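The structure appears right after this line, and notes come after that.
All of the numbers you see were taken from the coordinates with simple rules; none came from a lab. What you are looking at is a predicted structure, and each value in this text was computed from that prediction instead of being measured. Ideal geometry is used to build each Cβ from the backbone, glycine not excepted, and the neighbour counts take in all protein chains shown.
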């Protein structure tokens, strides 16, 4: 039986010209650590759900990515994080939106799926549930990042909402996996937009928009301009094209990412895996932090367009 995992650390305007060799090495290490964490789970016979949770938690712990420790500042100088996870075998899902001081939002989303009786919890209620589940909290100092702070100050000056980095990068992180039992899973986590207001929530925690898994079709985790991914129900749309039209994973991804999204100005990308272990990592932006590893020995970590 095939098993595999794919991850992403965000898409957007990611140019070689604005990346130092040291930064590229650091990003690649962050991606490799997450790939290794998730792959070990499926390699040892564990579930795809546990694999994507492990991979995304690793990315949340890396300050380079806009999730967990690296989450951006909102308009009032706090951090509001979103995450989701979905089990493709059972169609169970869990999500959290607008949570603060949760060290690993993806693990809270997993607890919501397994123990809350609900799909999505938000803000203070989700944080109260996290306490009941004995999840790890972290103080504001843990989430403080000088680069993120400077981005926020810049955004405040111009009264704009920024897509993570000032060079327009969608810093969401995510993972999709296929385990030896043939089950698929997906997970996504994000800190949202720099200087966001009004409790804004993007596509990441919305099942069917930024995150979706169905073991009969595919598992998807998205990164991009969340509002447009929500309006396009991107993740579920790809699954539907496979289920109802009989398209391959590659064909379905190409239609959604390179045609449907482009037509409405939806920039970004996604990672996708199907029940056979085929992997697609499409994006319509300048770059996407991405990687995969399969049990046939193939593996890759890339940042820029090929």
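In this simple spin-label model, placing a label point 7 Å from the Cα along the Cα-to-Cβ direction at both residue 18 and residue 32 gives a separation of 2.6 nm. Where the alpha-carbon atoms of region 4-297 are placed on the principal axes, they occupy 50, 45, 36 Å, in descending order.
Above 20 Å lies some portion of the pair distances; for region 66-134, what is it as a whole percent of all C-alpha pairs? The partial results should precede the final answer.
On the way: 568 of 2346 pairs.
Percentage above 20 Å: 24.
Here the extension length gained between residue 136 and residue 118 equals 4.4 nm, from 0.36 nm per residue of separation less the Cα-Cα distance. The distance separating the Cα centre of region 26-52 from that of region 259-306 comes to 17 Å.
Could you work out which residue, out of 255, 273, 207, moves most in a Gaussian network model of the chain, that is, has the largest mean-square fluctuation with Cα springs under 10 Å? Comparing 255, 273, 207 in a Gaussian network model of the chain, the most mobile one is 255. Among 26, 95, 37, the largest mean-square fluctuation in a Gaussian network model of the chain (Cα springs under 10 Å) belongs to 26.
Between residue 159 and residue 227, what's the calculated FRET efficiency when r is the beta-carbon distance and R0 is 25 Å? Round to 0.05. Numbers along the way, then the final one.
Values: r = 19 Å, r/R0 = 0.74.
After rounding, the FRET efficiency stands at 0.85.
Using only the C-alpha atoms, the convex hull of region 1-109 corresponds to 125 Å³ per residue. In region 69-218, the C-alpha radius of gyration followed by the widest Cα-Cα span (Dmax) gives 15.6, 52 angstrom. Between 213, 272, 141, the Gaussian network model of the chain with springs among Cα atoms under 10 angstrom shows the greatest mean-square fluctuation at 141.
Shape summary of region 207-306, radius of gyration then Dmax from alpha carbon positions: 12.7, 38 Å.
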